[in-house]
Amino acid sequence: MGTRVSPFAEDDIPRRIPRLQDMTLADMPPEVGLFPLSGVLLFPRGRLPLNVFEPRYVALVEDALATSRLLGLIQPRWREEDDEENLAPPLYGVGTLGRISSFTERADGTYAITLSGVTRFRLLRETTPRRGYRIGRIDASTFAGDLNEIPSEPFDRTHLLDSMRRYFQRKGLDARWSLIEQMDDSMLLVTLPMICPFPPAEKQALLDAASLTERVRVLQTLLDMAGPEHEGPPS
């Protein structure tokens, strides 16, 4: 049998979804499945590994993989009455569209995925849930700059890293400082807010910051304001 030759040159094969670096506002869906996680941030250009095991979020991952591979990571606003009445908690107004850039399906039907941050979005309202997970009507136009992020103004990198070292020491935490110190400024300002164990409201303040320059200001303030918990790493 002869070899069948594709009518397309390899570079001409059309993609079903654009590459991450080629995404524009036109590629952002008007509605997206929501993945509420408290105390977890994903910034544009950040990467976040997640274990997905709840049936409703397994369904969310399956549906995202079958379409745009996008889902909305967003923090819930926990209220005591929501737990008492078994209500779904309200959500913060800003989240991040993450694209599933890698995934592994386990034998038990759960997933290990990596989300790559694309852009932030405003949650306009929730619509009818689908397969057990929440759906949000969103608008990403406010954050168009996330797709081509403007660098921050010059900042005191040494001061920021020194503050983070003291913060981690007070919390009894460790970090791979050699890797952190090698990051360029833009990646540093993506990574540090994601790995610092701030309370959810403080995490949200970092996500809400209008620019990288504003994010530096908020991050430096949070690091300097954090009170001591430990004098050093736990024994």
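The values are calculated or read from the model by the stated rules, or taken from the named source; none is laboratory data. Fair warning: this is a prediction, and the values are worked out from it, not measured in the lab. Note that each Cβ is placed from the backbone with ideal geometry, even for glycine, and that neighbours are counted across all protein chains shown. Heads up: the accessible areas ignore ligands, DNA and RNA and are worked out on the full protein's heavy atoms, side chains in. Shrake-Rupley method; radii C 1.70, N 1.55, O 1.52, S 1.80 Å.
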Out of A64, A26, I need the residue that is farther than 25 Å from D184 by Cα and either at pLDDT below 95 or in contact with a Lys or Arg (Cβ under 6 Å, 6 or more places away or on another chain) (or both). Which one? A26
Hey, R137 open to solvent by 70 Å² or more (accessible area, probe 1.4 Å), within 23 Å of E214 (Cβ to Cβ), of a type in the set (D, E, K, R) and modelled with pLDDT of 95 or more or not: no
Out of the residues in region 51-76 that are of a type in the set (A, V, I, L, M, F, W, C) and closer than 26 Å to G145 by Cβ, state the one that is nearest to the chain's Cα centre (by Cα). L73
Can you list residue pairs whose Cβ atoms sit under 6 Å apart, with the first residue in region 38-66 being among the hydroxyl-bearing types (S, T, Y) and the second being modelled with pLDDT of 95 or more and open to solvent by less than 10 Å² (accessible area, probe 1.4 Å)? Count only pairs 6 or more apart in sequence or on different chains. S38/Q75; S38/P76
Determine whether A107 is farther than 15 Å from L48 by Cβ, among the small types (G, A, S) and open to solvent by 90 Å² or more (accessible area, probe 1.4 Å). yes
Would you check if A144 is among the small types (G, A, S), modelled with pLDDT of 90 or more and within 30 Å of F53 (Cα to Cα)? no
Answer yes if at least one residue in region 142-149 is polar (S, T, N, Q), open to solvent by 40 Å² or more (accessible area, probe 1.4 Å) and over 26 Å from T221 (Cβ atoms), and no otherwise. yes
Given region 163-227, what helices (runs of 4 or more DSSP H) lie entirely inside it while holding 2 or more residues that are over 25 Å from Y92 (Cβ atoms)? 177-182
If I filter region 151-170 for residues that are surrounded by fewer than 12 Cβ atoms within 10 Å (Cβ to Cβ), touching a helix residue (DSSP H, G or I) at 6+ places or on another chain (Cβ under 7 Å) and within 24 Å of D208 (Cα to Cα), do I get at least one hit? yes
